[in-house]
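**Q** The structure follows.
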Amino acid sequence: MSERNATELGAEIAHVLADAIGTALAPSAPAECWRAARDAAQLLSLEGLDRALQVCELHVGRALPPEVAPIAERLDRYAAAARASGELAAFRDHDAELGALAEEAGGLEWSESDTGPAVATLGLTEALGDITLATDADHAVARRVRVTAAVAAALRATLDWLLPEHSTAPIRLTADPATLQLRLDRVRFDRMRAADRVIGGVGGNLGPAPEGPSMSAPWIVRVPAFATRPSYLMAERGGARIAIPWHAVLELRMAPGGDADHASHGARSFTPLAHDVIDAGAAPLRYEQPVVLVAHGLKRGYCTVERLIWRMAATPCALPPNAPDGTTEAVATDDGEVFVVASPERLLAQIDTPSFQAHPVFDAAPRVPTLTRSNVVPLPASTAVAEPAVAAPAAPPAPARAAEVLVAEDSIAARLFLVRLLEQQGLVVTSVATSSQLMRRLGERPWALVFTDVELPDAQGVDWLRAVTEAAAALHAPPRVVALVRDRADLDIARIAEVTDTLLKPFGREPLAALLARAGIPATR
């Protein structure tokens, strides 16, 4: 190839690359433009340019965040230089610079909203450094999970405090989209106070493994994993909707209403965002009383709430106009429901950390001192979101009474989820966990539907389904019975018992809506 032809080809390549980058940088450029520019960079072995384009491509279809602006500015400038000179020198000379910028931006994660701030994160493998992991599965978790820079620093410092000198004992990891958990075979109790202060500073917690505390038993460290939308345990208490950060929830159980002594191992329970502390042995609040063990650092506290809703991801939002005094955060779910965040640090502010003696261990059950009003936020008279003032319209007709349904399901997760789906349809739901509870509640009111699992702890199979359908049929206003089934075997049991309505697990909104339509129960929301 002649020198002239080579020059012309080089100029053509420079113009093609410059045009591809210019098109990609245009507002609302489709993903194909970014891919075309990256293809060109890869063909020319410009690795730094390729990484820079990849960082920008992550934000296709929306405005580039301010943290990526320096990369976009340089790409635009070098493309202009290549177009003017007909050479790739600007890209080749600055390829390392573009790679370094891309590397820095690669440690950032963005929220799902267009205006969400960038958050510096580290891969867990990098954060743990030379810490020994137990299995290939633990290494896979470490490669997958990212944590914020603050959590990474606190986690490594906590491990340095807790692990014995020159320890080579492997660590086990588990993680979900919101929580990272590390299991340590041995810890140094003489450094526990320092570890508590460090891990508590980032909202983490630590404590003995569930099998019981001892000098040789494993200990657990839990911290929030990075997620664009953190997860919370949603609940209701005293008319307020509260969200407890999921990484701070250690245990979830259902206890008979008012049986606080059973629920909290003899310790007093406290109620977040409520007027007063609920003492052990207090009058029943509900037939079933949800109890949540919340942790912050070494502190533990049992929250009694009126109703658990579900574990859900949520996005930060503005506080509702009449949020309880002292609350500073609120989150919104995909359904637009707003919850105020119950900070574990604030809830447990008046609880002392456990005492450590010469051979310190936790008690068999965490001790929970009595809480006072100083760390419980009073509720206003109403926590409903205030609507803008408008002229009073004519009085609407009285709304139709919501249909009431009864649910019998022994799995807490399945029960909570089905209750939530039914309530989203505007129904009033009562839930129980056993057949004996269902039979006691069956005659209390005119139920529109009765949902029952095919297999409950105290009854199961064809005989159980026949018993509940016969009991329902004997009522003055017989409700429709729906069998909750998992597989074909459960469907056969329902068919033999002559239960024609079934709902398949895991529950879905569309099948439930179709079932309600067949039963002639209109949704009120």
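**Q** Only four residue types carry charge here, +1 at the Cβ of Lys and Arg and -1 at the Cβ of Asp and Glu. Report the dipole size of the range 121-224 about the Cα centre in Debye, rounded to the nearest 20. Each step should come with its number before you reach the end.
**A** On the way: 12 positive and 11 negative charges, 45 e Å.
The calculated dipole for the range 121-224 is roughly 220 debye.
**Q** Could you give me the radius of gyration and the Dmax of the range 404-518, taking only the C-alpha atoms into account and expressing both in angstrom?
**A** Considering the range 404-518 through its Cα atoms, Rg and Dmax are 12.7, 33 Å.
**Q** Something else now. If you take the charge dipole of the range 3-106 about its Cα centre, with +1 on Lys and Arg Cβ and -1 on Asp and Glu Cβ, which of ALA37, LEU88, VAL60 is farthest toward its positive end?
**A** Farthest along the dipole direction, towards plus: VAL60.
**Q** Arrange HIS166, HIS15 by Cβ neighbour counts within 10 Å, fewest through most, would you? Intermediate results must be reported in sequence, preceding the final value.
**A** On the way: HIS166 5, HIS15 14.
Fewest-to-most ranking of HIS166, HIS15: HIS166, HIS15.
**Q** Ranked by Cβ crowding within 10 angstrom, fewest neighbours first, how are ILE309, ILE521 ordered?
**A** Sorted ascending by nearby Cβ count, the order is ILE521, ILE309.
**Q** Would you list LYS299, LYS505 from fewest to most Cβ contacts within 10 Å?
**A** Working: LYS299 24, LYS505 17.
By the 10 Å Cβ count, ascending, the order reads LYS505, LYS299.
**Q** From largest to smallest, what semi-axes in whole angstrom does the range 121-224 give when each is the square root of 5 times an eigenvalue of its alpha carbon gyration tensor?
**A** Those come to 19, 16, 13 Å.
**Q** Under a no-solvent Debye model with one identical scatterer per Cα of the range 3-106, what's log10 I(q)/I(0) at q = 0.10, 0.16, 0.22 Å⁻¹?
**A** Computed log10 I(q)/I(0) values: -0.24, -0.61, -1.14.
Any read-out appearing in this document is the output of simple, stated calculations on the displayed coordinates, not a laboratory observation. Keep in mind that what you see is a predicted model, and the values were worked out from it rather than measured. Virtual Cβ from ideal backbone geometry, glycine too; neighbours counted across all protein chains shown.
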